[in-house]
Amino acid sequence: MAVSACTPKENPVTPVEEKLEVTPSSLTFSPDGTQVEQVKVTASGKWTVTVSNSWIQPSPASGSGDATVSVSAAYNASAERNGKMTFKLGSLTREVAVKQSGDTSGEAKDVVPAPAAFDGTKRASTTYQLLIYSFADSDGDGIGDFKGIESKLDYLDEMGVTALWLSPAHPTSSYHAYDVNDYYSLNPLYAVGEHTAEKAEADFKDLIAAAHAKNIQIYMDYVLNHSGKNNAWFKEAVSNASSPYRDYYFISSNPSSDYKKFPMLTGTNYDSGEWKKISGGAPKMKISKTDEAVKSGSSKWNIWLWKEGGNGSAVKFVDNGDGTLYLIVEMNGKYGLLVRPEDNWNAKFGAGSGNPTEGSVYNLVSEGGDMWFTGSGRYRIELTDTNVESLYYMGCFSDWMPDLNYGDVNSAQDNACFKDLAASADKWINMGVDGLRLDAVKHICGGISSYNHASNRVLLKKWYDRINETYKKSHSGNIFMVAEEWDDHGSTEKYYYQSLTSCFEFGFGSLVSAALNDQNGLNLASTVKGFVSDHKAQREDAITSFFLTNHDQNRWADWIGRNVAKEKQAAAILLTVPDKPFIYQGEELGYYGVKDNGDEYVRTPIMWDKAGKDCAKKGVENKVDSKMLTSNISVEAQKADAGSLLNVYQSWSRLRNTYPALAAGEISEHATLNKSNTGAKTIAAWYMTAGSQKLLVIHNVGAQSKSVTISDSLTKPIALLGTASVAGKTLTLGGNSSVVFEL
């Protein structure tokens, strides 16, 4: 039949040309299972990929159009293996050959760490605790000083520290300086050259500037619980009932009943042993020339009299029965004098302003210093106004450290004593001090035997906020303030983070020593993580301050039997936990010592050279263990020894400053090497993570080697203490050995 002219013609369909290209055409993998390769797919439509063996792992396994496929190969503990990937689009197929070598030797390879080079930027927040009086002596008087610290900043910088916690720097009547005599001044003994407060302040400013130039901050030790007995505040408080300074302390004629009248002591118990007896008011004294015979009496008052450079003796006054007393003595030269009531030997009356002169009435001062009088011949010494009232003051630590009174903690910011202390702190913050360490905070509201934690926290929150106001005027962030709250972590310590940025974690040293001594690291990671989590639950910006021991404890080396291998591993553990580690003076050198014969023996001066010629022994009243302070323990000797404890501290601190995950990362428990893995109880393992950087930290706290199988990559070791080897997925750590891998 003919086709009508109106019948449309059929249009032919042009087929679409199929296109499939893959590059490269072959892949080669190492046996460790961590390598990832890329295959580029160029396609005109939908495609799929299949594999000849399950150990070949492409992702994605299908797609449409152009794409990139990531390919990995599972760990291969057998012989070399070959396989292929087949890409298919319609009738087109393309193959990629896959080859993977195998780890069949069975021979362990020693771990050789290859850390990234340190770029000079200190990322960590490691603090070094030093004792000004025994750290470094720069002028040869045997007492440490500010210039001595400044001269050793290179040493501290090499250790990677970013802050120094200085022992109390204020004037004091003791070597350790926790009895502060003036919060607004600095100890003249810490000055070089002219031993004055003014020179000490100039040297302190130089230290701050030099430390800041090396990115090292300065923290001052501040004592809020008590002042010194020779503080001018206390002297006036006990000698003048109308003085405003009397309210700076807890002073009472009947403390057992008045105890409850002090708001700061609410919720605590009275302990008579924490109250020290003094006498209210003070007698007047007159020294006159006389021809009378030498005479003494039997009254309850005496004068302690000694010739300059010689020994003294107590001479009793004659009691006239009307409140006046006298005695006749012979003097020939310069004599020291102190007046004491015999029913209170701890009380004394001495110099107020100047010294007594012949014929003049002299006003004695309670708790005053030594008086001096020069004469030749016989003298009558008279006392009047001796009917003084017996008073008591609270000094929970000792009679020479009277407790400070801030009134009602809920309004402490308006209290005169609080404002005075805060004003003194302002001076040092404005000078450049970067933070404060607060002494004995749990005893502020109460004493030794009884204290009120809730009141302490209220007071400390007000203190932190007040000082932070000053700090923020010249800084963008908040001040660092760490407290000594020596108590159980779970029941009390963690709650102090409601008031302060940080507290010392006293449980850490015990945790590490138990792990090393018991050879059991199962609980290390979970407990450390728990410390940090508990603190951050109280405040988001909490910083846990970890340390091994401090100046109030027996030396760390004695905790672990003076075992150098354990001391080295303790350093590695301290420097691989999160937040803020503290290193105590001498710990990095292996100092040992116990407190049995005095605290001085755990506050030993640094021995800088083998001869010990610059050792600040006088700073601890020459109470040192000469058996310990030998040339081998000196900085000079340990610097020259690549395997020394000092070099462990330096190298692991450098590692911490190099890797953000160690410096500021978060800790997490390992998936298999954790507290549940009792088959590997000597192993403590955890991850440290910051951003995209993740590190695996492993410590074998046992004395013998231990092998464990780990699924993590072990190809990038960055730190090693002791010995370690890897065979496939098996890691073997020598006794007291530690390793860090970058993942």
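On the basis of the beta-carbon distance and an R0 of 30 Å, Lys316 and Lys289 show a calculated FRET efficiency of 0.90. Take the Cβ atoms of Asp609 and His195, set R0 to 22 Å, and the FRET efficiency comes out at 0.30. In order along the range 188-205, the phi-based Karplus estimate (6.51 cos²θ - 1.76 cosθ + 1.60, θ = phi - 60°) of 3J(HN,Hα) comes to x, 5, 8, 8, 10, x, 7, 7, 10, 5, 5, 5, 4, 5, 5, 5, 5, 4 Hz; Gly and Pro are listed as x. Under the combined filter of DSSP loop state and at most 15 neighbouring Cβ atoms within 10 Å, the range 245-320 retains these trypsin sites (Lys or Arg not before Pro): Lys300.
Note down the magnitude of the dipole of the range 20-100 about its Cα centre, charges +1 on Lys and Arg C-beta and -1 on Asp and Glu C-beta and zero elsewhere, to the nearest 20 debye.
200 debye
If R0 equals 45 Å, the separation of the Cβ atoms of Glu330 and Lys595 corresponds to a calculated FRET efficiency of about 0.45. Here the range 250-394 was treated as a single set of alpha-carbon atoms; its pair distances binned every 10 Å from 0 give 11, 39, 28, 14, 7, 1, 0 percent. Ranking Tyr222, Ala232, Phe262 by Cα position along the charge dipole of the range 219-287, where only Lys, Arg, Asp and Glu carry charges on their C-beta atoms, puts Ala232 farthest toward the positive end.
Pairs from the list Lys681/Lys716; Lys229/Lys419; Lys300/Lys595; Lys462/Lys529; Lys205/Lys461; Lys235/Lys462 with a Cα-Cα gap above 31 Å: Lys300/Lys595. Whole-Hz Karplus values for the range 149-166 come out as 4, 4, 5, 10, 5, 5, 4, 5, 5, 5, 7, x, 6, 10, 7, 10, 9, 8 Hz, taken residue by residue from phi with 6.51 cos²θ - 1.76 cosθ + 1.60 and θ = phi - 60°; glycine and proline positions read x. For the chain, what does the alpha-carbon gyration tensor say about shape, rounded, prolate or oblate, given a ≥ b ≥ c as the root eigenvalues, a/c under 1.5 as rounded, and a/b over b/c as prolate? Prolate is the answer for the chain, as a/c is 1.5 or above and a/b outweighs b/c.
Maximal additional length on extending the Glu158-Glu37 stretch stands at 39.4 nm, based on 0.36 nm per residue less the C-alpha distance. For the chain, a crude dipole built from +1 on the beta carbon of Lys and Arg and -1 on the beta carbon of Asp and Glu, taken about the Cα centre, is about 1380 debye to the nearest 20. For the range 20-100, the convex hull drawn through the C-alpha positions has a volume of 69 cubic angstrom per residue.
Rg then Dmax, both in Å and based on the Cα atoms of the range 129-203: 12.1, 35. All other residues whose Cβ lies under 15 angstrom from that of His535 are scored, Lys and Arg at +1 and Asp and Glu at -1, for a net of -4. Cross-link partners of Lys694 among aspartates and glutamates, defined as those whose alpha carbon lies under 13 angstrom from its own and excluding same-chain residues fewer than eight positions apart: Glu666, Glu669, Asp712, Glu742.
Take the Cα of Ala640, step 7 Å toward its Cβ, do the same at Lys472, and the gap between the two points is 5.4 nm. Mean separation of Cα pairs under 8 Å and 6 or more residues apart, divided by the residue count, gives the chain a relative contact order of 12 percent.
Per-residue Karplus couplings for the range 480-488, computed as 6.51 cos²θ - 1.76 cosθ + 1.60 with θ equal to phi - 60°, are listed in order as 8, 9, 10, 10, 8, 10, 6, 7, 5 Hz, Gly and Pro entered as x. The distance from the alpha carbon centre of the range 188-202 to that of the range 474-530 is 36 Å, rounded to a whole number. Comparing Cα centroids, the range 165-179 and the range 77-132 end up 54 angstrom apart. Of the GluC sites (Glu not before Pro) found in the range 193-252, the ones in coil according to DSSP and having at most 13 other Cβ atoms within 10 Å of their Cβ are Glu194.
Along Cα→Cβ, 7 Å out, is where each label goes; now give me the distance between the ones at Glu621 and Ser91 in nm to one decimal. Result for the modelled spin labels: 10.3 nm.
The range 664-718 and the range 367-410 have Cα centres separated by 61 Å.
Taking every C-alpha pair closer than 8 Å and separated by at least 6 residues, the mean separation divided by the residue count of the range 20-100 gives a relative contact order of 39 percent.
Extending 7 Å from the Cα toward the beta-carbon at both Trp372 and Val564 defines two label points whose distance is 5.2 nm. How much length, in nm to one decimal, is gained on full extension between Ala210 and Lys260, taken as 0.36 nm per residue of separation minus their Cα-Cα distance? Extending this stretch completely gives an extra 13.1 nm.
Summing -39500 (n - 2.57) over the DSSP H runs of n ≥ 4 in the chain and dividing by its residue number, what mean residue ellipticity at 222 nm do you reach, to the nearest 500 deg cm²/dmol?
It comes out at -6000 deg cm²/dmol, rounded to the nearest 500.
Values quoted throughout were computed directly from the atomic coordinates according to the rules given, and no laboratory measurement underlies them. On a predicted model such as this, the values are computed, not experimentally measured, just so you know. So basically every Cβ, Gly included, is an ideal-geometry build from the backbone, and we count neighbours across all protein chains shown.
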